[in-house]
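Taking it in order: structure first as structure tokens, then the write-up.
Bear in mind that the values in this text are calculations on the coordinates, not laboratory data. None of the values given here were measured: they were computed from a predicted structure. So basically every Cβ, Gly included, is an ideal-geometry build from the backbone, and we count neighbours across all protein chains shown.
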């Protein structure tokens, strides 16, 4: 099967780039040093490829991601790196034999973990990103409360998400060190063996975490592409040119097949003007023809993937495999 | 069932607001004067409600939307208001008894319509939005080419999408008149009985089109809400507050449950700071509690709907019906 046989828009993953990305990351962070984040691809077939590189534990962002990973036989050590109030479905996974650890940052989330049948937690600490996570000085008390509620506290997590795209490597390394100093102090108060943090942006800078929660490195996007890491753009959205005007052309890839929060997509050899629901209008440097296929590069991989039912593993023009994006939804 | 029983994030549609929106639009544009655009909700249950208000013809943006509408018994007069190169699936619908008209703006799209078994077309004319549509002076020649290829040319379409959100009513009306003057001239060259154009923004201004392709009016979004039309915000994304910090809180509604191309969502009584994959960080005016449910209003309805498997028709806190968003994908 060739990519010209695909209905467009279609999510393409270049096999050689993907495999190089997985190998590069696994060489830098072997085995348990990496806990790949599945939210970036939402595809168990791809997670299985990551497991083949020696990573047994995975990071999830939603209950659904945990459920589908466990059902796919990849539930040996799942971290739901997010606060959850309704934990019943997670408790059911634990009862079925999956290992599920959930983040807690409040007495309410500790109570929810207990009520739902989750047995293991990490204390989530705010290390500078204004999102979830308890104040660092409260981490020890929360750990005590969790233990008093009968939970096993495996350690801490703290996501320096605000530093992922800091362009200057020296700035990024220094700021990561400052954020992780907060987390390491909290870890001393909390106890346990895990310090879980980091992402694709800081995978080399963050030498304090015992495990890095990187996800984007596998597929990459144009936002991450700007900071100079050794990961290639494996993901694109294949489109068909459906209309050509004297000064612009239109490809059938739009807001409903692209994550737009990081801005417009990129088309090689063209200037992108704007996106509509099912269109991207662009000015090509060289003339394009109606019916021509081209690749559109999304600015942000995670929400792009969430818009597609499947992704196609390709080698240039050849479709090798088609994988369901089976962790979508909640 | 109550909304507190729903897994979050969850798409909510307020029944009373929806029904008022449908009634208001149908009073202004009765029967065939409105060809509701299903891309804004992607839900046949909602389209059936629109049909109940007297509209038999619908506008679609994708082949999948046409297929699912036809399978739901709503295929009496479907306009695919977009250029398509692979028309085989549309031809199969026609063979099965659906009426499908497709937009053409080039010899290639005319050839594709013929090859795929589509029998009826509209000539798509560029009326100022740099997207699809032929130059106005070419419309007559394209109609002749289509007829020579054996197609029935029903008329023209031309979408003044660049004018939908012009805030000043007088400016919007004048600019719509200028755009439609182009389309009316092209219609004289093309022949046929249909002049299809317009949207929620220009539904009253556009008195030249024989039918208006409005979609957003049913559910609405905060972008359209700013121009003062008599349609209420029926759509929201229900979330659960999962974390509360001294100066901000986090709800579990993020980039993967919100269309972000028109910017950040809105939360009543709060200032929204930013969105992550599964989070919106906001500063509430009054304290919120962990576990509290709240409604997040998306800036753009169409891509928001495309991220959800289902929408819940609600009356305040009560869930009345749950509808599959069954026209997603391509």
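Divide the volume of the convex hull around the Cα atoms of the range B:112-198 by the residue count and you get 86 Å³ per residue. Helix B:15-28 and the longest principal axis of the C-alpha atoms of chain B enclose an angle of approximately 30°.
Compute the relative contact order of the range B:15-218 as a whole-number percentage, counting only Cα pairs closer than 8 Å that sit 6 or more residues apart in sequence.
Relative CO of the range B:15-218 lands at 18 percent.
Mean projected area of the convex hull spanned by the Cα atoms of the range A:223-314, taken over all viewing directions: 6.2 nm². Helix A:107-116 and the longest principal axis of the C-alpha atoms of chain A enclose an angle of approximately 80°.
Shape summary: the range A:15-218 maps onto an equivalent ellipsoid whose semi-axes, from the alpha-carbon gyration tensor, are 25, 23, 12 Å in decreasing order.
When residue A:225 is represented by a point 7 angstrom out along its Cα-to-C-beta vector, the spacings to that point in the other copies are 3.6 nm, nearest first. Bridge orientation summary for the range B:15-218: considering DSSP beta bridges with both residues in this region, about 0 percent are antiparallel.
If you look at the Cα atoms of the protein assembly as shown, you get an Rg and a Dmax of 25.7, 81 Å. The spacing between the range B:277-330 and the range A:1-59, judged by their C-alpha centroids, is 30 Å. For the segment A:323-329, counting C-beta atoms of other chains within 10 Å of every residue's C-beta and taking the mean gives 2. Counting only the backbone N, which residues of the range B:144-173 are under 19 Å from the spot 7 Å out from the Cα of residue B:210 toward its beta-carbon? Flagged as within label range: B:144-148, B:151-160. Give the separation of the Cα centroids, the range B:194-226 to the range A:95-134, in Å. Answer, in whole Å: 46. What sits nearest the axis between copies A and B, counting only chain A Cβ atoms, is the residue and whole-Å distance A:260, 3.
7 Å along Cα→Cβ for the label point: how many nanometres lie between residue A:76 and each equivalent label in the other copies, listed shortest first? For residue A:76, the inter-copy label distances come out at 6.0 nm. Between 0 and 90 degrees, the angle of helix B:169-190 with respect to the longest Cα principal axis of chain B falls at about 30 degrees.
Label points for residue B:92 are taken 7 Å from Cα along Cα→Cβ. From this copy to the others they lie 3.4 nm apart, shortest first. Peptide A:242-251 shows a mean partner chain C-beta count of 5 within 10 Å per residue C-beta. What the Cα atoms of the range A:102-258 give is an Rg and a Dmax of 20.2, 71 Å.
If both residues of a DSSP beta bridge must be in the range A:136-256, then about 35% of such bridges are antiparallel. The calculated 222 nm mean residue ellipticity attributable to helices in chain B amounts to -8000 deg cm²/dmol, summing -39500 (n - 2.57) over DSSP H runs of n ≥ 4 and dividing by all residues.
Taking 16 Å as the cut-off, the amide N atoms of the range A:187-208 that come nearer than this to a point 7 Å along the Cα-to-beta-carbon line of residue A:27 belong to A:204.
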